[in-house]
Each structure stands twice: as C-alpha cells, then as structure tokens.
Amino acid sequence: MSEDKAQVKVKFFTREQEESLHVEDVPVYAPISLKRYGLSEIVNHLLGSEQPIPFDFLIEGELLRTSLQDYLVKKGLSSETYLNIEYTRAVLPPSYLASYNNDDWVSSIDVGDRSIISGSYDGVVRTWNLSGKVEKQYSGHSGAVRAVKFISNTRLVSCGNDRTLRMWKTRNDDLASYNNINGGGDEDEDEDENVEEGKTLAILEGHKAPVVSVDVSNNSRILSASYDNSIGFWSTIYKEMTIVDPMEDLKNSSNNKVSTAARKRRKMALKDGSIRRRAPLLLLESHNAPVEQAIFDSTDNTVGYSVSQDHTIKTWDLVTARCIDTKTTSYSLLSVAQLPSLHLLACGSSARHITLHDVRMDSSSKVTQKQLIGHKNFVVSLDTCPENEYMLASASHDGTVKIWDVRSTSPMYTITREDPSVEKGINDKVFAVRWSKDVGIISGGQDKKIQINKGDNIFKS
C-alpha cells in the first residue's frame, strides 16, 4: 500500500458528559495522513452531527498536534498498531474582549463576584466593576503593591515593596442589605463598622524585605512570600495576632544609630498611628533566597507550597510549621499553581519554561514530570482554568499570556497585548494573569492595562 493511502486501525472514545457526543465502540480505519481536522470529520460523521463540532484528540493522554503518520514515526510504531484515540471538544481561541486603563504598571489581579481588584506600582489597590470603571481606590502602601487577594466579599488583603501586608475593608451592597434585614454580620465586622470603607483594617508587619505574594485559605489564614527568604503565616482575624508596637525598632537602638529606613518607618507609623498593627502567627524559614510565591493546597488548608529563587519547591505542614518536602530544580522558580485533580504543581521559571511536579513524589524520585516550552522570558504568573482540570494560563515578561493543555508540551494559544501603544521589549511585560469562569482571562502588566480575553464557554462551538 502506498504511503499516502496507508491506514491505521483506530477506536474513538470520549469522556464528555453529553451522551450525544459518544460514538459506537467499534474500530474504524483512518488514513495515517489525517490531522486533527480530518479526524474531526470522521467523528462528526460517526455522530451524524448536523452542525460539525470541532474536536481535539489525545493518544495515551498526549494531545495530537501532528498527523497520525508523524505520531507513529515519533513513537516508533508501525501502521499495524491499534490506536485508542480520545476526543474532546476543541478549545476555541481566547478572543479579545476589553481593556481597562490604569495609572501605573499592574502587578497583580484578583476576581470577586462582580468586581476585579488590581495592585499597582503606584502603591494603590483598586476595585473595578466589570464595565471597567474604578469603584474604589485603597491608598496606604508606601511602595509598589505586589499582590492582592479577596478575603471575602467585604475584605481584601494586599502586600508590597514597603514590607507590609494590609487588610482592607471594602463594600458589598448585597451583604449590607442582607445584614440590615436579618440583623446579621459577624463580630469582627460589627466592630469594624467605624472603619470607613476603603480604609485599612490592620497593617501586618514582620517581613524585612518586599512582600511579593499573598494567598488566602478558606479557614481564615493568609500566606505571604517575601524577599527576606521567609513565608509569613497570618490570620484574617486580627484579634488572633499579637499587637506590634510601631516604635519598637527605635526603642531597641540608640538615637545616633537609627537608620534612614527606620526613621521613614517611624514617620509612616505616626501618620498611620490609629491603625492596628499585627505580627505574624508564624514565620516559616527554610529557603535561602527570595521566596517568589506561597500558596495553600486547594484541598487541604493545613498544607502550603512555596517556590523560590533558590531553585526549590517546598511543601509545608502549617500545623507544625515544618518544611516536610523539598524538591530541587535547576533554575529560579518565579510562580506556582496547583492542578489538584492531577496531583501536580505547575511552576514558572526564569529559564522560560513551566515545569510540572507531582506533589506525591518524594524528593528522591524524579523531580520534574514534564516541561511546557514556548515562552521567551521569565514566567511570572500562573492560573488554572475553572472549567477544565488540564488547562492553565501563564503570564510572562515576553509580553504574552499562553494557554496550555498540560497533556501537550507546546501552547494551544498565545494572547498578546492589544493596546497599540505597546512596543515589544519596551513596555509589554505581563506581570499577572487570572482565569475567572464568569469574566474571562484577565491579565495586567507594564502597559498599564487590565486586558480581558474570552475564557468562559471556550468549549462551545
């Protein structure tokens, strides 16, 4: 049989929930020259689809990005092989939806019920509505804000280059009306009624260098990562933390030895004199270089993970405050996200790739399960798809956000900056990405824009 007429025996199957997308469990012969489009035609024919549905295909859990012939050659298989091919709805391109203008570089983003919060290099945290209007500005940090996170519908936390975290009070009209009707509201919130919306509830002090990442658990705990090589463990309930005396630095040193930085801190403390200050419940120390990000395990909030410029991923028992596992890689790690159902941590690196690590493997096993390659600069932010356990978005200093299916080592799509004023290599670095089911793929960076691309219903044709 000539090369272009050669066929291979295949059986198609799917894990899609819709019964109408299931083909009969019988083998068929497919020309080995077929790629994704040709295979989609076969599946649609077997389904008897009136409206063709685009599909992606996987063999042995790996996305097919070539012809069947190239796959067989790459794997050293003959056309006599019997292939089980899984098909899933194809992912549609994440088309551009909107951009919001910020006053300075956008360092971080989080998404709430009906709003977006951003941290900026001008030291201001902002709440945006979904029309792109700034609803509230939170001023207090004396340096760039590096990370922001919702604690609840009425609370935020931020951290920054001024070495502090700040908890803020924000507004939620739905909750306010609910509490008025039902007489609700927790004890902390009642006590904070005299704190104006948009103001600082508490300043969290304890780090000795910029604080660059913050995460919040569902049991009222906060993790922060700092360039002082430590991870801070805090409570969202300020009563649970020790009070800090803002003058302590100065009391412990004679007047002639007070540094300029300490004087500046005293000045800021006097300015914020009425604001509560609290110390961490714990400082977790094991890294020997700046910590870039710390997160809670999404299924067990007594476990945390951290990544650092010291090339390691550390697993923490947050009950005993012990580091229980260290995985050492060959490069500085700058970001981390968890793919819980796959038992994987995805880490963005200074070596321009994303590495996947199985959290169940101990440090004596193979450290890296897979590398995702495609970025051309540091990978500084990662987030997972809320609709698909295999998908991931990554933001990089190369000016792009890339969309990945972790079953393939190359990206599915690349999102670039849409603003015409962006110049490649000049002001196109992307610092943050979030993937929200109801809003989309939200990214921010050096172009002073919050950009939104379609990220929901991307499986609908």
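The values are calculated or read from the model by the stated rules, or taken from the named source; none is laboratory data. Everything numeric in this text was worked out from a predicted model, so none of it was measured. Virtual Cβ from ideal backbone geometry, glycine too; neighbours counted across all protein chains shown. Ligands, DNA and RNA are excluded from the accessible area calculation, which covers all protein heavy atoms including side chains. Shrake-Rupley method; radii C 1.70, N 1.55, O 1.52, S 1.80 Å.
For GLY112, the residues whose modelled amide H falls within less than 5 Å of its own, excluding neighbours fewer than 5 places apart on the same chain, are ILE117.
Mind pulling the angle between the C-alpha long axis of helix 36-47 and the longest principal axis of the chain? Nearest 10 degrees, somewhere in 0 to 90. The angle comes out at about 70 degrees. In sequence order, segment 9-26 has phi-based couplings of 7, 10, 10, 8, 8, 9, 9, 4, 6, 5, 4, 5, 9, 9, 8, 5, 7, 10 Hz under the Karplus curve 6.51 cos²θ - 1.76 cosθ + 1.60, θ = phi - 60°, and Gly or Pro positions carry x. Extension gain, GLN51 to PHE13: 0.36 nm times the residue separation minus the Cα-Cα distance gives 11.7 nm. In order along segment 345-356, the phi-based Karplus estimate (6.51 cos²θ - 1.76 cosθ + 1.60, θ = phi - 60°) of 3J(HN,Hα) comes to 10, 9, 10, x, 10, 6, 8, 6, 10, 10, 10, 10 Hz; Gly and Pro are listed as x.
Given the Cα-Cα distance of LYS5 and ARG171 and 0.36 nm per residue of separation, how much length would full extension add, in nm?
53.1 nm
Over all pairs of different C-alpha atoms, segment 7-89 has a mean inverse distance whose reciprocal, the Kirkwood radius, equals 12.9 Å.
Close amide H partners of LYS370, meaning residues 5 or more places away or on another chain with modelled amide H under 5 Å apart, are LEU356. Between the helical axis of 173-182 and the longest alpha-carbon principal axis of the chain there is an angle of about 70 degrees.
At a Förster radius of 30 Å, what calculated FRET efficiency corresponds to the Cβ-Cβ distance of SER330 and GLU24, to the nearest 0.05?
Approximately 0.05, to the nearest 0.05.
Here's how it looks for SER396: its modeled amide H is under 5 Å from those of VAL380, VAL430, which are all 5 or more places away or on a different chain.
Using 0.36 nm per residue and subtracting the Cα-Cα separation, the extra length available between ARG322 and ARG114 on full extension is 71.1 nm. For the chain, the longest principal axis of the Cα atoms and the long axis of helix 260-271 meet at an angle of about 80 degrees. Computed on the Cα atoms alone, the convex hull of the chain gives a volume of 181 cubic angstrom per residue. To the nearest 0.05, how large is the calculated FRET efficiency for THR81 and SER298 if R₀ is 51 Å and r is the Cβ-Cβ distance? Computed FRET efficiency for THR81 and SER298 comes out at 0.85. Candidates TYR29, PHE13, ILE53 compared by Cα position along the dipole of segment 7-89: farthest toward the positive end lies TYR29, with charges placed on Cβ. In this view, the solvent-accessible surface of SER20, computed with a 1.4 Å probe and all protein chains in place, comes to about 90 Å². Phi-derived couplings, Karplus 6.51 cos²θ - 1.76 cosθ + 1.60 at θ = phi - 60°, listed residue by residue for segment 417-423: 6, 8, 5, x, 7, 6, 10 Hz, with x used for Gly and Pro.
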